[in-house]
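Worksheet: the structure to be examined is printed underneath.
The values are calculated or read from the model by the stated rules, or taken from the named source; none is laboratory data. Owing to the predicted nature of the structure, the values given are computational and were not obtained by experimental measurement. Note: ideal-geometry Cβ built from the backbone for every residue, glycine included; neighbour counts use all protein chains shown. Surface areas here come from the heavy atoms of the whole protein model, side chains and all, with no ligands, DNA or RNA. Shrake-Rupley method; radii C 1.70, N 1.55, O 1.52, S 1.80 Å.
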Amino acid sequence: MSSTDCLFCRIVAGEIPATIVRSDERTVAFRDVGPQAPVHVLVVPREHIFSLETSSDDQGDLLGALMLAARDVARQEGLAEDGYRAVLNVGADGGQTVPHLHVHVLGGRSMDWPPG
Ligand code: AMP
């Protein structure tokens, strides 16, 4: 898939509207359109990476930046004290529906385990 066909690349490029809550050189975070918790933010790399599975060893810095951005989103959204969930769905069995790597930051309610 080219980045012009990718929904999240188009959000990153500003071609599709989204509620952006944080951005930096390497990542963008925006509210999920179908929130599964009072706070539900997606954090994505600006660079198109299909999934964690297709990431490469030389993308470790970017993956680290993505996790730190997720942490900062959680802090910014007031979730740090009570806790939250940071989720990566990977591939079909993982429930991934959008083929651009993203971290779900979910919070504002107590989470169940195990996930469905
Ligand atoms: P996943 O199923 O892990 O691939 O997550 C994809 C997420 O993207 C879902 O939670 C969707 O609700 C969300 N989503 C789909 N389209 C949009 C959009 N245009 N803006 C924001 N979130 C979206």
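So the values come out like this:
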read-out: Test result for S55, of a type in the set (S, T, N, Q) and away from the ligand (no atom under 14 Å from the Cβ); value: yes
read-out: Top-ranked residue in the stretch 12-44 [being over 17 Å from L101 (Cβ atoms), within 9 Å of the ligand (Cβ to nearest atom) and outside any strand (DSSP E or B); ranked as most open to solvent (accessible area, probe 1.4 Å)]; value: V33
read-out: Every residue from the stretch 97-110 that is within 15 Å of the ligand (Cβ to nearest atom) and either assigned to a helix (DSSP H, G or I) or more than 17 Å from E53 (Cβ to Cβ) (or both); value: V105, L106, G107
read-out: Unmet criterion (only one of (1) under 22 Å from R22 (Cα atoms); (2) at pLDDT below 95) for G116; value: (1)
read-out: From G83, G78, G94, residue being near the ligand (Cβ under 8 Å from one of its atoms), under 27 Å from G116 (Cα atoms), small (G, A, S) and open to solvent by 20 Å² or more (accessible area, probe 1.4 Å); value: G94
